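Down below is the structure, laid out as structure tokens.
The values are calculated or read from the model by the stated rules, or taken from the named source; none is laboratory data. Predicted model only: the values in this text are computed from it and were never measured. Note that each Cβ is placed from the backbone with ideal geometry, even for glycine, and that neighbours are counted across all protein chains shown.
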């Protein structure tokens with residue numbers, strides 16, 4: 001793109017990528033929390049379980065970075081999951097001073113049950129779109145995510161210059 005898409009004069013929330021992505025995330029979380037309303041865990045707790053499932057053991061710092069919950073909020077979420085026997089805190093094998101968090105077998109079962117709720121929710125959300133539109137939207141969002149990850153990893157690079165990598 002040769003000309004900047006946004007200018008001070010044309011920037012408006014309804015056409016801002018940042019605003020739209022953030023607003024969609026907020027609304028999707030709100031809708032998901034309602035869907036999880038009668039379940040043993042909230043959507044927020046389920047999201048932490050889903051993030052934990054990507055690791056065998058993970059530090060609270062990495063979990064915080066990957067969920068975007070500050071350490072105080074994350075501690076409260078993990079406390080609740082631990083009291084429900086869905087996660088356990090254990091000493092790191094690499095550094096006995098550090099604590100890591102891991103899913104329990106019960107946590108994995110709870111994660112699987114929540115996937116059914118999320119599949120139903122996502123299918124409801126995408127009903128207005130064709131398969132082709134969804135594939136395009138997902139591809140564009142994946143490219144945006146990679147670009148943001150590259151920009152985050154290399155804060156010295158000028159905006160808009162980070163190379164894109166393929167999503168697997």
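Odds and ends about this structure:
- Qualifying position, being outside the structural domain of residue 35 (by TED's automatic domain parsing) and either farther than 24 Å from residue 24 by Cα or out of contact with any strand residue (DSSP E or B) (no Cβ under 9 Å at 6 or more places or on another chain) (or both), among 139, 107, 114: 139
- Positions within the range 127-168 being modelled with pLDDT under 95, farther than 23 Å from residue 5 by Cα and assigned to a helix (DSSP H, G or I), in sequence order: 153
- Checking 113, 106 one by one, the residue that is part of a helix (DSSP H, G or I), touching a residue at least 24 places away in the same chain (Cβ under 8 Å) and within 27 Å of residue 40 (Cβ to Cβ) is 113 and no other.
- Residue 82 vs. criteria farther than 24 Å from residue 153 by Cβ, touching a strand residue (DSSP E or B) at 6+ places or on another chain (Cβ under 9 Å) and modelled with pLDDT of 95 or more: yes
- You will find that of 58, 31, the residue that is touching a residue at least 24 places away in the same chain (Cβ under 8 Å), within 16 Å of the chain's Cα centre (by Cα) and within 18 Å of residue 119 (Cα to Cα) is 31 and no other.
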